[in-house]
1. Quick test for you: out of Asp16, Asp33, pick the one residue that is exposed (fewer than 10 other Cβ atoms within 10 Å of the Cβ) and assigned to a helix (DSSP H, G or I).
2. Evaluate region 38-56: report whether one residue or more is more than 29 Å from the chain's Cα centre (by Cα) and either outside any helix (DSSP H, G or I) or of a type outside the set (A, V, I, L, M) (or both).
3. Looking only at region 1-13, how many residues end up being in a helix (DSSP H, G or I) and either in contact with a Cys (Cβ under 9 Å, 6 or more places away or on another chain) or among the aliphatic types (A, V, I, L, M) (or both)?
4. Give all pairs with beta carbons closer than 8 Å in which a residue from region 86-99 that is surrounded by 10 or more Cβ atoms within 10 Å (Cβ to Cβ) meets a residue that is in a helix (DSSP H, G or I); count only pairs at least 6 apart in sequence or on separate chains.
Amino acid sequence: MPNEPTLGEVMRRLEDVRTDLKDDFRELGARLDSKVSLERYQLEQQARDDALKLMAERVKGIEEAREAAAQNRRDEAQRAADRRAADRRLIFAALIAPILLLILTVYLNAQGAGA
């Protein structure tokens, strides 16, 4: 019977097992305390989704504002080009056409006087 453990040795081993189990349960409890509940996880997910949706709406608004500003710039540039074309026509009608008519009149008078 020398290979069989004594009662004191069995008790020490059981105490060691009990101590190990207590440590394991304490560690497991600490790990469970650090976990997030499903309800809180869902609330955080919903808050994040709402924040992303709000950010997407803001980005869309900014893009629409930029597109509107670009369209306004294009319209303004077109109006400026139309004004320049109208100014050129006005300059031609007001200055160049009368000068050409004057030159034509003087030429025709000179031709008529010489004939």
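1. It is Asp33.
2. yes
3. 3
4. Nothing qualifies.
Read the figures in this text as sums done on the coordinates, not as results from a lab. Given the structure is predicted, the values throughout are model-derived calculations rather than measurements. Quick reminder, even Gly has a Cβ in these numbers, built from the backbone with ideal geometry, and neighbours come from all protein chains shown.
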